[in-house]
Amino acid sequence: MTGETDLKFIHRCLELASRAEGNTYPNPLVGSVIAHEGVIIGEGFHRKAGEPHAEVVAIESVGNKELLSTSTLYVNLEPCSHFGKTPPCADLIISHNIPRIVVGTKDTSEKVSGRGIEKLRSSGCSVIAGVAEEECRRINRRFFTFHEKKRPYITLKWAESSDGFLDINRSSESAAGINWITGKPERILVHKWRASEQSILVGAGTVRIDDPELNVREWKGSNPLRVILCGSGRLPEDIAMIHSEGSTIIFTCFPEKINLPDVIPVKLNDHELAALQISNFLYESDLQSLLIEGGRQVLEHFITSGIWDEARVFRGKTKFGEGIKAPEIRGTSYLKQEFSSSSLEIIINDK
Ligand code: AOF
Ligand code: ZN
């Protein structure tokens, strides 16, 4: 069998896996395909934690199980070797005598960490590992960052004018409200992004000026946990986000000053980076991802601390002339996409 065929079927696994985006936490996105003589005879993906793993769904979907002993199983993540909410996929593959397994990338979480591949090989299966590895790492970047770096995967997002400003200067309260740089399609896309993340953060300045809801309204999915960074503990008496479904955490040096209903204040100490304290707290809370939507101070704090993984920057078509300068960021340009009101660039932190 050619390498090209393996690549094609691993790509199919990724396509299947991505159907569950945002729904599998704390589990990764996994798709699996079973091919017999180059033809797909079964496939499936992991839908939700607690439900069967991708390989189980794929094996179950094969009508004639006799074909399994002369088939190849493809999966974008190393099959598991542990008894978790479900029994080990490696054991199931072995029990069906599937002779050849093609794996996209290794599962680096402590529970598995190479033991799935080892188990398959020591039972006589031929295992090819590392096909479309970069794409297979990317689809589960939140899962891998969480397990390998012991912190959530951090995505920064902002929109800037064509001359590099986040916002105009606001001199009075009457100037409050969102000053849109992007159009409706970008707004829908941002809501889709929110549905894929487990938490979302803004600073107190953004809360005061934009009063964002930080929920998923323009897409189907659950609201991420909302997080506000407010060192001073001073916030308006009523804010839009507390009226949305879901919880809100406020990181502050003065928790006693927080008098909003239904929010969870968390004390920040002033001798350690706020970015680090937030990242540690989210890790301890088992949250694998954080989307930071502004404002400038918060974005810059995470950028200068080096605690970020990816930035998604919309550049609008209009000039502000003056205002709040957008952050400067260095990294590898990963993707560019044009919209009628703006262009999007995704930048990856290569440090
Ligand atoms: C696979 N295929 O489709 C997934 C895997 O609690 P459990 O039993 O569901 O196990 C979760 C762990 O299994 C998760 O942390 C990851 O290491 C692996 N996920 N493995 O072979 C799958 N979702
Ligand atoms: Zn499994």
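Quick note: the coordinates plus some simple rules give every number you see, no bench work behind them. The structure presented is a predicted model; accordingly, all values stated were derived computationally and were not measured. Every residue, glycine as well, gets a Cβ built from its backbone with ideal geometry; the counts of neighbours run over all protein chains shown.
Okay, here's what the table says:
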| read-out | value |
| --- | --- |
| Estimated vicinal HN-Hα couplings, Hz - the range 105-119 in sequence order (Karplus 6.51, -1.76, 1.60; Gly, Pro = x) | 8, 5, 8, 8, 6, 4, 4, 10, 6, x, 6, x, 5, 4, 4 |
| The chain: antiparallel DSSP beta bridges as a percent of all, rounded to 5 | 40 |
| Order by protection proxy (mean Cβ within 10 Å, highest first), peptides 92-98, 70-76, 329-335, 263-269 | 70-76, 92-98, 263-269, 329-335 |
| For the range 1-101, radius of gyration divided by Kirkwood radius, i.e. Rg to Rh on alpha-carbons | 0.95 |
| Length-normalised contact order of the range 150-348 in % [C-alpha pairs under 8 Å, at least 6 apart] | 33 |
| By average C-beta atoms within 10 angstrom, highest first, the peptides 129-135, 298-304 | 298-304, 129-135 |
| The chain - Kirkwood radius from inverse mean 1/r over Cα pairs (Å) | 22.0 |
| Theoretical gain in end-to-end length, Ser305 to Arg121 [0.36 nm per residue, Cα-Cα removed] | 62.0 nm |
| The chain - charge dipole about Cα centre, Lys and Arg +1 at Cβ, Asp and Glu -1, debye rounded to 20 | 160 |
| Cα-based reach from Lys317 at 19 Å (exclusive), listing lysines while leaving out same-chain residues under 8 positions away | Lys157, Lys184, Lys325, Lys336 |
| Share, in percent, of DSSP beta bridges within the range 150-348 that are antiparallel, nearest 5 | 35 |
| Descending principal axes extents, the range 150-348, alpha-carbon based, whole Å | 44, 41, 36 |
| Relative contact order, percent, the chain [alpha-carbon distance under 8 Å, six or more residues apart] | 15 |
| For the range 273-283, 3J(HN,Hα) per residue [Karplus equation, 6.51 cos²θ - 1.76 cosθ + 1.60, θ = phi - 60°, Hz, x = Gly/Pro] | 3, 4, 4, 5, 5, 5, 4, 5, 4, 5, 4 |
| Using θ = phi - 60° and Karplus 6.51 cos²θ - 1.76 cosθ + 1.60, couplings along the range 297-304 (whole Hz; Gly, Pro as x) | 4, 5, 4, 5, 4, 5, 5, 5 |
| Pairs from Lys48/Lys150; Lys150/Lys257; Lys48/Lys192 whose Cα-Cα separation, in the structure shown, is over 20 Å | Lys48/Lys150; Lys150/Lys257 |
| Qualifying aspartates and glutamates (Cα of each under 14 Å from Cα of Lys351; at least 8 residues distant if same chain) | Asp309, Glu310 |
| Sum of -39500 (n - 2.57) over DSSP H runs of 4+, divided by residues of the chain (222 nm, nearest 500) | -7500 deg cm²/dmol |
| Long-range amide H partners of Val266 with built H, under 5 Å | Ile250, Phe251, Thr252 |
